[in-house]
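The values are calculated or read from the model by the stated rules, or taken from the named source; none is laboratory data. None of these values were measured; they are calculated from a predicted model. Positions of Cβ are generated from backbone atoms using ideal geometry, with glycine treated the same way; all protein chains shown enter the neighbour counts.
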Amino acid sequence: MGTGLSIPLDTGLQGIISQLHGILSVHPGAPSEKALSSLCDILYSASLLKEEGRAVRARVIVAPPGSFTSSSGPPEGIHAVRFTMEHGMTANEIKRLCPAASFFHSVVAVWPDKHGDFKIWGVLNTGPRWMNLVAGGRKPLGDDIPFPIMHVRDPGWVLFYQGYTLLAEWRGRELFGPRLDVFQSKLLNDRFAKLRLRLVEDLPAGCLPPALSSESYADLCHLIAIQFIKRIINLVRSSSHGGTLIFLPEGETGAEIAAHWIDCKYSAEATIDGMRFHHLLQKILRRVGQLTPPGATLEEAWQIFRNSNDPELDRLEEAFFELARFFSDLMQVDGALVLDQTLSIIGFGGEIRVDQNVFLVGLAQDLDGSHVSSWDVRNDGTRHRAVYRLCSVEPEVMGWVISQDSYVRFIANIEDSVVFWMHTVI
């Protein structure tokens with residue numbers, strides 16, 4: 001996986017164009033590299049426009065008109081609407097179409113004509129399940145899309161995908177390799193390992209069906225909890241507000257850290273109500289166990305969680321993600337949302353007041369954080385610098401910072417050094 005480092009534009013963009021050309025070359029009438037380069041310029045220009053005062057956001061798929069059957073449609077498939085007359089591919093045409101081809105639900109479909117010039121031939125309604133990649137969600141993504149999709153995300157920001165796989169990002173006329181999905185990191189897995197195993201072991205005897213081992217139930221806990229945190233982060237990103245999410249150790253250790261370093265304007269009592277995430281997760285585990293045949297693997301249980309139409313599981317998912325929405329709303333208040341590792345609320349509106357300066361931190365180049373480059377914190381805003389300082393004095397603390405411009409970082413302490421990961425987003 002890429003590191004997220006900047007690639008020189010003259011070589012990097014040409015490399016992506018060549019990669020896209022190679023993907024598309026198997027199809028008759030495929031675009032030339034020159035046409036793809038022109039398409040990139042058009043999309044970059046479109047990103048700088050305004051549509052009734054709003055930034056232009058659109059997804060554009062490069063695919064032949066005959067690639068999608070008219071009988072299919074969301075949530076699992078794609079509904080293709082073909083125009084009776086093709087339209088010219090211009091930045092202004094993308095601006096005009098973007099309200100109809102909503103970024104989260106549809107894509108604008110383009111393909112070159114007999115002269116090699118790109119034309120807009122229709123709109124594809126994909127549905128929003130593709131957002132489950134970053135937003136959490138139980139349902140599968142649906143049919144694979146074997147064509148490149150380019151996201152006009154914000155001014156000066158275009159992302160290149162092969163189907164749902166991020167290839168690169170073009171920001172401010174620089175090209176960046178795909179960032180890391182830190183939810184796959186060993187560090188994040190290890191720091192919650194004992195806690196999730198205890199969550200399983202604390203249940204009354206016989207509560208969980210014997211379909212899975214305790215270790216597999218604990219691993220399933222981790223996979224489901226990731227969906228929850230993804231949902232919180234995506235909701236904050238979608239609000240265009242930004243925010244900070246702090247994880248402290250559970251129990252007295254976390255309470256002492258909060259009391260010493262964080263002033264929460266709104267602190268929460270430690271009651272049974274604060275354990276809602278914990279209890280919902282246990283109920284979901286139990287229901288998945290009831291739906292899973294004996295002797296199933298973790299992957300089979302995970303697919304049951306993802307694909308089941310069980311009404312009880314649907315109800316629990318709705319409750320689970322409404323809690324995520326509630327947490328994201330708490331992050332709209334200035335200051336940090338502070339949780340312990342059981343995801344119980346310690347407080348929100350938290351002001352981090354560490355007086356130890358941090359001038360340099362590490363930018364992780366891999367998921368383990370074993371390879372880092374030096375990063376000057378003067379490049380960053382107040383939210384980031386506050387979490388750097390907190391992690392420098394409390395190695396067990398972890399933090400997520402969502403910028404107002406939608407960038408996401410995960411921050412932690414590894415062997416007494418503060419390290420952050422630029423997290424993959426859509």
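In region 49-70, of all residues being exposed (fewer than 13 other Cβ atoms within 10 Å of the Cβ) and more than 24 Å from the chain's Cα centre (by Cα), the one that is nearest to Pro31 (Cα to Cα) corresponds to Gly66. Please count how many residues of region 380-405 are surrounded by 18 or more Cβ atoms within 10 Å (Cβ to Cβ) and either in contact with a strand residue (DSSP E or B) (Cβ under 6 Å, 6 or more places away or on another chain) or touching a residue at least 60 places away in the same chain (Cβ under 8 Å) (or both). So the count comes out to 15.
The one condition from (1) modelled with pLDDT under 90; (2) within 22 Å of Arg196 (Cβ to Cβ) that Asn307 does not meet is (2). Of all the listed residues (Val361, Val377, Val372), the sole one being touching a strand residue (DSSP E or B) at 6+ places or on another chain (Cβ under 8 Å), farther than 23 Å from Ser267 by Cα and at pLDDT 95 or above is Val361. Looking at region 169-215, which of the residues that are of a type in the set (Gly, Ala, Ser) and not in a loop (DSSP other than H, G, I, E, B) is nearest to Ser45 (Cα to Cα)? Looking at residues that are of a type in the set (Gly, Ala, Ser) and not in a loop (DSSP other than H, G, I, E, B), I get Ala193. Within region 130-153, residues that are crowded, with 20+ Cβ neighbours inside 10 Å and assigned to a strand (DSSP E or B) have Cβ atoms under 8 Å from residues that are of a type in the set (S, T, N, Q) and modelled with pLDDT under 75 in these pairs: Arg153/Ser406, counting only partners at least 6 apart in sequence or on another chain. Within region 249-275, if we keep just the residues that are buried (at least 17 other Cβ atoms within 10 Å of the Cβ) and assigned to a helix (DSSP H, G or I), the residue that is modelled with the lowest pLDDT turns out to be Gly274.
Please find, within region 82-101, the residue that is nearest to Ile42 (Cα to Cα) out of those that are outside any strand (DSSP E or B) and of a type in the set (Gly, Ala, Ser). The residue in question is Ala91. Note on region 15-48: among residues that are touching a helix residue (DSSP H, G or I) at 6+ places or on another chain (Cβ under 9 Å) and not in a helix (DSSP H, G or I), the one that is surrounded by the most Cβ atoms within 10 Å (Cβ to Cβ) is Pro31.
Cβ-Cβ below 9 Å, separation at least six or inter-chain, first residue in region 161-175 and more than 18 Å from Val107 (Cα to Cα), second acidic (Asp, Glu) and at pLDDT 80 or above: which pairs? Sorted first by the residue in region 161-175, then by its partner, the pairs are Arg171/Asp154; Leu175/Glu169.
Screening Ile345, Ile284, Ile352 for residues that are more than 30 Å from Asp416 (Cβ to Cβ) and within 27 Å of the chain's Cα centre (by Cα) leaves exactly one candidate, Ile284. Pairing residues of region 34-54 that are in contact (Cβ under 8 Å) with a residue 40 or more places away in the chain with residues that are among the β-branched types (Val, Ile, Thr) and in a helix (DSSP H, G or I), at Cβ distances under 6 Å and at least 6 apart in sequence or on separate chains, gives Ala46/Ile94.
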